[in-house]
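Asks: Pasting a structure here, questions to come.
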Amino acid sequence: MNAERSNTSSSPILWVVAAFALLILGGLIIAEATPLILPPQASAESQQVDNLFKVMLAIGGAIFLLVQGAIVYSVIRFRAKPGEREDGVAMHGNATLEFVWTAIPAVIVLILSILSFQVWVSITSAQDNELVVHATGARFNWSFSYNIPEQDDLTVNARELHTYVGQPIRMVLSTADVNHAFYIPAMRVKQDLLPGRETEVRFTPTIPGDYPIFCAELCGSGHGDMRARIIVHPDEETYLAWFNPEADVVLNPPEDPVARGFQILASGQYPCAGCHVLEELDWTGVTGPNQNGLADRVVNNRVAATGEVPAEYLGRSLYHPGEYLVPGFGNLMPQFQPDDPAGANYMPMEDMQAIVAYLCTLSASGESVCDPQNIQDLPSLVD
Ligand code: CUA
């Protein structure tokens, strides 16, 4: 027994040094290898976030190897000999060991806190010349709105987030209903949206491209569908080539109510796309009824049953969605209202009329199933 002991502990310091060198090397390999599976670093902030992440991975990786190594070593070294039946030696308390395993993590946590705070301050500080974009989360949809320069109340709305390389962006986030989380892995940003207050997040894209945006907070049955895209244009010129025509449509809206309704829905100003399917507008949500061929179904089913005119049914479905639920669907739709511009789910009467005018044309023939007079009268019909 004694001979065996002295064999393995002939130069304990050397063993410990070798083991720690291996742990550090292993931690560094884990830290360098793991980021290879991360999305591209498409923002200026992503480098800082990833570097911090690598420090944590190196420490965490080394600790992981230490713990696993100790387990594997113990399983082999202290394995019961054949025929050995008695209990192991009872061991109790070791003040030095407990001090060491408390002090080391405390120092590590302190260092990580300081590093994290530095990165956090750096990536959340205001920058000059920020582009401000509002994002609204609503079950289960993202929509983005941009102020039009020198037009106080007018905004360009979009279902995608557009920006360009080198432009610092400040996102102001609000939710129309429950908590959501705005998450762009390629930009390394994730921020909660909280009812009743605005939150914000900043980043500066560095690589042109098209990257996914997710919701990272379980918000209901359509949570997994709550996605959008960020399009990073290569320069301001290409960004403006998108923005200016959009602003132009807002400043000079189409006269024809059907075209106007189409434009309102296409802009994503209202969160319809996340819950309904409509091929013409590229909507793919499945928590609400399918809108393809809606106008014919309204005439054949609902109107036939109640005697309502089609425009009235559609208008009431926007302002009083809970009044009649299509079989198989829950009462999840936001209740839009025309009275309080500052309130949640505000939809002015003119928008509702234009949207109804457009929905009335979702028939097999493409002809409107609604009487234009009924659409004009909607303000009194839907009250
Ligand atoms: Cu919104 Cu999950």
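Asks: DSSP beta bridges in region 88-192, what fraction antiparallel, as a percent rounded to 5?
Replies: Close to 70 percent.
Asks: Please report the antiparallel percentage of the DSSP beta bridges confined to region 131-251, to the nearest 5.
Replies: Numbers: 29 of 40 bridges.
In region 131-251, DSSP labels about 70 percent of beta bridges as antiparallel.
Asks: How do the peptides 158-166, 286-294 rank, highest first, by the average count of neighbouring beta carbon atoms within 10 Å per residue? Kindly include the intermediate steps, with their values, before the conclusion.
Replies: Details: 158-166: 19.7, 286-294: 17.1.
Answer by packing, highest mean first, reads 158-166, 286-294.
Asks: So what's region 1-115 giving for Rg/Rh, alpha carbon basis, Kirkwood Rh from the mean inverse pair distance? Before the final figure, lay out each step's value.
Replies: Values: Rg = 19.5 Å, Rh = 17.7 Å.
Across region 1-115, the Cα-based Rg/Rh ratio is 1.10.
Asks: Here's a follow-up. In whole percent, and with a 1.4 Å probe on the protein chains, what portion of the accessible area of the chain is carbon and sulfur? Mind dumping the intermediate values first?
Replies: Numbers: 13040 of 22010 Å².
Using a 1.4 Å probe with all protein chains present, the chain comes out at 59 percent carbon and sulfur.
Asks: Please give the Cα centre distance for region 318-383 versus region 200-266, rounded to the nearest Å.
Replies: Distance between centres, Cα-based: 23 Å.
Asks: For region 29-45, what does the Karplus curve 6.51 cos²θ - 1.76 cosθ + 1.60, with θ = phi - 60°, yield as ³J(HN,Hα) per residue in whole Hz, taken in order and with x for Gly and Pro?
Replies: 5, 4, 5, 7, 7, 4, x, 4, 9, 7, x, x, 8, 9, 9, 4, 6
Asks: Nearest 5 percent is fine: what portion of the DSSP beta bridges confined to the chain is antiparallel? Display every interim value, and only then the final one.
Replies: Details: 32 of 44 bridges.
Looking only at bridges with both residues in the chain, the antiparallel portion is about 75 percent.
Asks: Then there is this: Among 84-92, 306-314, 149-157, how do they line up from the highest to the lowest mean number of other beta-carbon atoms within 10 Å? Numbers along the way, then the final one.
Replies: Values: 84-92: 5.9, 306-314: 20.1, 149-157: 12.9.
In descending order of packing, they fall as 306-314, 149-157, 84-92.
Asks: What's log10 of I(q)/I(0) for region 220-311 at q = 0.11, 0.16, 0.21, 0.25 Å⁻¹, Debye sum over Cα points only, no solvent?
Replies: Treating every Cα as an identical point scatterer, log10 I(q)/I(0) equals -0.48, -0.89, -1.16, -1.23.
Asks: A further question on this structure: Please state, to two decimals, what the Cα-based radius of gyration of the chain comes to when divided by 2.2 N^0.38 Å (N = residues). Walk me through the numbers on the way to the answer.
Replies: On the way: Rg = 30.1 Å, N = 383, 2.2 N^0.38 = 21.1 Å.
Normalised Rg, Cα atoms only: 1.43.
Asks: Which value in Å does the Kirkwood hydrodynamic radius of region 236-285 take, with 1/r averaged over all unlike C-alpha pairs and then inverted? Present the calculation step by step, with values, prior to reporting the outcome.
Replies: Numbers: mean 1/r = 0.0827 Å⁻¹.
Roughly 12.1 Å, rounded to one decimal.
Asks: Looking only at Cβ-Cβ distances, which cysteines of the chain have no other cysteine closer than 4.7 Å?
Replies: Lacking a cysteine Cβ partner under 4.7 Å: Cys215, Cys219, Cys272, Cys275.
Asks: Using the Kirkwood radius built from alpha carbon pairs, what does the Stokes-Einstein equation give as D for region 298-338 at 4 °C and 1.567 mPa s, in µm² per second?
Replies: On the way: Rh = 10.7 Å.
Estimated diffusion coefficient is 121 µm²/s.
Asks: Against the longest principal axis of the chain, how steep is helix 95-124, in degrees 0 to 90 to the nearest 10, with axes from Cα atoms?
Replies: 30
Asks: Which residue, chosen from Val49, Ile148, Val201, occupies the Cα position most advanced towards the positive end of the dipole of the chain, where the dipole is computed from +1 (Lys, Arg) and -1 (Asp, Glu) charges on Cβ about the Cα centre?
Replies: About the Cα centre, the residue reaching furthest to the positive side is Val49.
Asks: Heavy-atom accessible area per residue, the chain, 1.4 Å probe: how many Å²?
Replies: On the way: 22010 Å² over 383 residues.
Roughly 57 Å² per residue, with all protein chains present.
Asks: With contacts defined as alpha carbon pairs under 8 Å and 6 or more residues apart, what's the relative contact order of the chain in percent? The partial results should precede the final answer.
Replies: Working: 609 pairs, mean separation 47.9, N = 383.
Contact order relative to length: 13 percent.
Asks: Normalising by the residue count of region 131-251, find the relative contact order in percent from Cα pairs under 8 Å and 6+ residues apart. If you can, show how the numbers build up before the last one.
Replies: Details: 285 pairs, mean separation 34.7, N = 121.
That works out to 29 percent.
Asks: Further question on the same structure: How big, in percent, is the set of alpha carbon pairs in region 257-381 lying more than 19 Å apart? Don't skip to the end; give the middle numbers.
Replies: Details: 3415 of 7750 pairs.
Percentage above 19 Å: 44.
Asks: Viscosity 0.890 mPa s, temperature 25 °C: give me the Stokes-Einstein translational D for region 131-251 in µm²/s, with Rh taken as the Kirkwood radius over C-alpha pairs. Provide the component values of the computation, followed by the final result.
Replies: Working: Rh = 14.6 Å.
Once the numbers are plugged in, D ends up at 168 µm²/s.
Asks: Please give the contour-minus-distance gain from Asp248 to Ala106: 0.36 nm per residue of separation, less the Cα-Cα distance, rounded to one decimal in nm.
Replies: Between Asp248 and Ala106, full extension yields an extra 45.3 nm.
The values are calculated or read from the model by the stated rules, or taken from the named source; none is laboratory data. None of the values given here were measured: they were computed from a predicted structure. Reconstructed Cβ throughout: ideal geometry from the backbone, glycine too, with neighbour counts over all protein chains shown. Calculation scope for accessible area: heavy atoms of the full protein, side chains included, ligands and nucleic acids excluded. Shrake-Rupley method; radii C 1.70, N 1.55, O 1.52, S 1.80 Å.
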